[in-house]
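The values are calculated or read from the model by the stated rules, or taken from the named source; none is laboratory data. As the structure is a computational prediction, the values presented were derived from the model and not from experiment. Every residue, glycine as well, gets a Cβ built from its backbone with ideal geometry; the counts of neighbours run over all protein chains shown.
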């Protein structure tokens, strides 16, 4: 997943400094979109800084009731302004950009006015003072980044006081338990890695102020964790569902007009098809054993804990070279992603993730491919459970998803494209995760991990190829299980325990890993969009191939799909397909 998605999608809202300015009505779509973008990131300076707009560095927006009401008013103002453009004579490109922005507004209003996340969720506050951006990228001298971190960390007391006043007395138990873990991990991260990296900035006075702020912030995080344990955990509830009506509204933010029950039907159909592919791949390895036993046997073929990062790094270049040699897609940069350990505060919610520089970043171009290691305090059995998810075959499939030609190539293409500012900063969940998930299946279909000449391949090569197909199929089972669990947990009363069992039964995860997947679904119902996005990419490719005829090539399709930003896929269909009669045929 992308870094923003893996670090809890609800945290796209993190931090700003003052109420966003009231925007005057603009006279045309371009001016209105520009005005919305400006005001939107004034209320989200942490996201703006990550995009490469460093005038927002060190700024903080307190999510108190006054500012939340101002934000709700801002969203309504722009929504009304864009709605008034319906039926007016504007270009097709402007019309699609306006619809893209309105999907963003709809998603934000759904969160703020209907679901009340992220501010209802204690995880937001536990992670709101993330300063890791200032450590890992050097767009300006360290001493200046330390000053910015100091200003942010000084906000801890008022942030957590706001949390205590705004969080409801009864909260979903998975949210509280995860927030406690994040808060405690964040405290350790601030005291350890953050202080170590920023202490020697070359200015003793700046350093001293920074260390003081960091130590105070660490204490505040621990106090918040303690408060959650004593004041919110005892009263917490297993209830977390957003309900059918709000789930339908969530789908509508991706311009999907199907009912939740219809989405579940698509998911269950895809689950049955993927289980058949899983069984077939397992039979090619060893037809004498049940498919699950065959899969579990290859899961134990993994690197040691000490080898995990180096092994991932070693294979990443080979995957990239395959993409280049087979003309899968144009890679617009020679800059490689750096494989490194996931930072401590985010290990609770991530196996692996891609963290790329923003499209407007000019001073720090390094991208990071994070892989989450085992924790030293885990038991041997827990470490083994975790490492099964990083068997050699699955790790390569994950690298395809995260880097080549998945998220990293997508963001390289976005940065290099001529897309408008709005298209570069507003991304569809289904597009972003659907693209990366599509790449897993597509690259194996194009021959990755498969014998060049299947008819004359050795038995060992055929088995190795089947292991890759089995691993990729299990990754697909994970994503389709997310879809099925998401709908059922939020619309049909499925419990966390039942969701965990669904992952164990259908994608064959161990209990610890399966429960983490189910917990994510309690606060991220949108993780249904991995599979829904992949299916939409497959349908778009089929339709575009029919349209292009002999001119079709896979590279042309991929290059074209990634040069328009990352809009909801219905908008991409309208851009790429000439026949308007099929624009709404998403699946």
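Values as computed for the structure displayed
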quantity: Set 485, 398, 409, 480: member being in contact with a strand residue (DSSP E or B) (Cβ under 7 Å, 6 or more places away or on another chain), closer than 20 Å to residue 351 by Cα and buried (at least 20 other Cβ atoms within 10 Å of the Cβ); calculated: 398
quantity: Members of the range 240-260 that are assigned to a helix (DSSP H, G or I), surrounded by fewer than 21 Cβ atoms within 10 Å (Cβ to Cβ) and touching a residue at least 60 places away in the same chain (Cβ under 8 Å); calculated: 244, 246, 249, 252
quantity: Qualifying residue in the range 516-535 (condition: assigned by TED's automatic domain parsing to the domain that holds residue 292 and in contact with a strand residue (DSSP E or B) (Cβ under 7 Å, 6 or more places away or on another chain)); calculated: yes
quantity: Answer residue from the range 282-305, given it is within 26 Å of residue 369 (Cβ to Cβ) and surrounded by 14 or more Cβ atoms within 10 Å (Cβ to Cβ) and is modelled with the lowest pLDDT among those; calculated: 299
quantity: Subset tally (residues that are closer than 15 Å to residue 151 by Cβ and surrounded by fewer than 18 Cβ atoms within 10 Å (Cβ to Cβ)) for the range 182-202; calculated: 0
quantity: Options 422, 455, 465: the member that is surrounded by fewer than 24 Cβ atoms within 10 Å (Cβ to Cβ), in a helix (DSSP H, G or I), modelled with pLDDT under 95 and on the phi < 0 side of the Ramachandran plot; calculated: 455
quantity: Every residue from the range 289-305 that is in a helix (DSSP H, G or I), within 27 Å of residue 279 (Cβ to Cβ) and touching a helix residue (DSSP H, G or I) at 6+ places or on another chain (Cβ under 7 Å); calculated: 291, 294, 295, 298, 299
quantity: Among residues of the range 224-239, those that are surrounded by fewer than 18 Cβ atoms within 10 Å (Cβ to Cβ), touching a helix residue (DSSP H, G or I) at 6+ places or on another chain (Cβ under 7 Å) and assigned to a helix (DSSP H, G or I), counted; calculated: 1
quantity: Top-ranked residue in the range 306-345 [being in contact with a helix residue (DSSP H, G or I) (Cβ under 6 Å, 6 or more places away or on another chain) and more than 22 Å from residue 443 (Cβ to Cβ); ranked as surrounded by the fewest Cβ atoms within 10 Å (Cβ to Cβ)]; calculated: 344
quantity: Filtered residues of the range 194-214 (kept if assigned to a helix (DSSP H, G or I) and either touching a helix residue (DSSP H, G or I) at 6+ places or on another chain (Cβ under 7 Å) or in the same structural domain as residue 520 (by TED's automatic domain parsing) (or both)); calculated: 194, 195, 197, 198, 199, 206, 207, 209, 210, 211, 213, 214
